[in-house]
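Undergrad: Pasting a structure below so you can have a look.
The values are calculated or read from the model by the stated rules, or taken from the named source; none is laboratory data. Here the structure is a predicted model, which is why all the values come from computation and not from measurement. Backbone-built Cβ (ideal geometry, glycine too); neighbour counts: all protein chains shown.
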Amino acid sequence: MKNFILVLTVTVMLSGCTPVLIGGATITTMSIMLDRRTVGTQLEDQIIELKIKKGICNYLTDIHSARILVKSYNRRVLLTGEVENIIHISNINKIANSVDNIESIINQIKVEQAPTFRMAFYEKWIYSKIKASLINNKNIQSGTISIIIDRGTVFLMGLVTRYEGNEAAMTASKIHGVKQVVKLFEYIDKKATNIGYKTLNVR
């Protein structure tokens, strides 16, 4: 059977957006099979990301020094990045809160200068190394874990067992350039239904 790609038809015009917005991915047959979220939830997460990014674009139209990363996983939204004024952090949080069907928002946006092109490229390199390491770790279902990187801090989201979560965090922490690993997992263990939010500092 030929492989095919299920491309989301939901689009948002962001061409006139000044700040850099990062987040979202194409859903493929392989990602659907490996992701523990339902197809409907995967689609809803993409819609949530698009709505938040559109709202941020409308708000930060004339702001040139902002970089915002938006990730929704199982209707839990992570916001990271940099802005030039603390007021923007609060207002961006309000924008995210205005979107329907969100379970919770984790706002990690900081008042700092946006990273240079070189720094951004280095983050992509770190991402690729972590992704490859997770795939090679047979104790982890890597397709259910999302990786978000901001200035050396690695945020991990996904539906995992506690063992998988710990393995993923330790694996990510061993990659050169990683300063800190933050676990934002939802645990699927029968005796561990609470949401994890733990930080692993890397020496």
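Undergrad: Looking at D62 and the list (1) touching a strand residue (DSSP E or B) at 6+ places or on another chain (Cβ under 9 Å); (2) farther than 24 Å from V182 by Cβ; (3) at pLDDT below 95, which single condition is not satisfied?
TA: Of everything listed in (1) touching a strand residue (DSSP E or B) at 6+ places or on another chain (Cβ under 9 Å); (2) farther than 24 Å from V182 by Cβ; (3) at pLDDT below 95, D62 misses just condition (1).
Undergrad: So in the stretch 85-130, with the set limited to residues that are more than 18 Å from the chain's Cα centre (by Cα) and closer than 16 Å to V70 by Cα, which one is surrounded by the fewest Cβ atoms within 10 Å (Cβ to Cβ)?
TA: Filtering the stretch 85-130 for residues that are more than 18 Å from the chain's Cα centre (by Cα) and closer than 16 Å to V70 by Cα, the one surrounded by the fewest Cβ atoms within 10 Å (Cβ to Cβ) comes out as D100.
Undergrad: Name every residue in the stretch 50-62 that is surrounded by fewer than 15 Cβ atoms within 10 Å (Cβ to Cβ) and not in a helix (DSSP H, G or I), in order of residue number. Write out each step before concluding.
TA: Taking the stretch 50-62 first, the residues surrounded by fewer than 15 Cβ atoms within 10 Å (Cβ to Cβ) are 58, 61-62.
Hits for the stretch 50-62 are T61, D62.
Undergrad: Then there is this: Filtering the stretch 58-71 down to residues that are in contact (Cβ under 8 Å) with a residue 40 or more places away in the chain and not aliphatic (A, V, I, L, M), which residue is nearest to I109 (Cα to Cα)? It would help to see each step written out before you state the result.
TA: First, pick out the residues of the stretch 58-71 that are in contact (Cβ under 8 Å) with a residue 40 or more places away in the chain: 60-71.
Now restrict to residues that are not aliphatic (A, V, I, L, M): 61-62, 64-65, 67, 71.
Details: T61: 18, D62: 18, H64: 16, S65: 13, R67: 9, K71: 13 Å.
Only one residue tops the list, namely R67.
Undergrad: Within the stretch 172-203, work out how many residues are closer than 21 Å to N107 by Cα and either at pLDDT 95 or above or part of a strand (DSSP E or B) (or both).
TA: We begin by selecting, within the stretch 172-203, every residue closer than 21 Å to N107 by Cα; these are 178-187, 194-201.
Then drop every residue that is not either at pLDDT 95 or above or part of a strand (DSSP E or B) (or both), which leaves 178-187, 195, 198-201.
So the count comes out to 15.
Undergrad: Got at least one residue in the stretch 154-162 being among the β-branched types (V, I, T), over 17 Å from I68 (Cβ atoms) and buried (at least 20 other Cβ atoms within 10 Å of the Cβ)? Walk me through how you get there before you give the answer.
TA: Looking only at the stretch 154-162, we keep the residues that are among the β-branched types (V, I, T), and these are 154, 160-161.
Still in the running and over 17 Å from I68 (Cβ atoms): 154, 160-161.
Cutting the leftovers down to buried (at least 20 other Cβ atoms within 10 Å of the Cβ) gives us 154, 160.
Checked the stretch 154-162: at least one residue is among the β-branched types (V, I, T), over 17 Å from I68 (Cβ atoms) and buried (at least 20 other Cβ atoms within 10 Å of the Cβ).
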